[in-house]
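To start, the structure under review is shown below, and the notes come after it.
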Amino acid sequence: MALIFCASTDLGAPRQTSRILLPVLRWLIPDISATALNRAQLLVRKTGHALGYAVLAVLISRARRRIRQNSEPPCLRRDATIAFVLTVLYAATDEWHQTFTASRQGSVADVALDATGAVAGLALLWLWDRRRCRPS
């Protein structure tokens, strides 16, 4: 959450991240056009959004399981639901936080993207758990 919070300040603004992303993209694809470069930067930034919130949802779900490990029977659906709700709430407050930063702006579309990332992360966790628990 601290990493996401820092990224929603001026440090994570497109102007700042382009200092790293654009040279890397130009190095990978030397003849890339300016339009393609801007699209690639947007894709990388939005993928980072979804990935960050996928990781957050997985971490919350795993933490809930660990806390209850010996006291209650597992309830993966409840853990996933709570992790999803907490992740989306944090995404909404993060976007609201960005409205107070001059170089950033909050976006409902980004909250939806973050929620999609959370669902993807929780789905991958469910698949991982299912595969791990399958009898040999």
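Key figures
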| item | result |
| --- | --- |
| Pairs with Cβ under 7 Å, 6+ apart, first in segment 89-101 and in a loop (DSSP other than H, G, I, E, B), second loosely packed, with under 15 Cβ neighbours inside 10 Å | 99/105; 101/10 |
| Leading residue by the ranking (surrounded by the most Cβ atoms within 10 Å (Cβ to Cβ)) among those in segment 80-96 that are touching a helix residue (DSSP H, G or I) at 6+ places or on another chain (Cβ under 7 Å) and over 15 Å from residue 119 (Cβ atoms) | 94 |
| Subset of segment 1-21 that is outside any helix (DSSP H, G or I) and modelled with pLDDT of 70 or more - its residue that is surrounded by the fewest Cβ atoms within 10 Å (Cβ to Cβ) | 1 |
| Out of 47, 35, sole residue that is assigned to a helix (DSSP H, G or I), modelled with pLDDT of 85 or more, out of contact with any Cys (no Cβ under 6 Å at 6 or more places or on another chain) and surrounded by fewer than 12 Cβ atoms within 10 Å (Cβ to Cβ) | 35 |
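The values are calculated or read from the model by the stated rules, or taken from the named source; none is laboratory data. Everything numeric here is computed off the predicted structure, so don't read it as measured data. Positions of Cβ are generated from backbone atoms using ideal geometry, with glycine treated the same way; all protein chains shown enter the neighbour counts.
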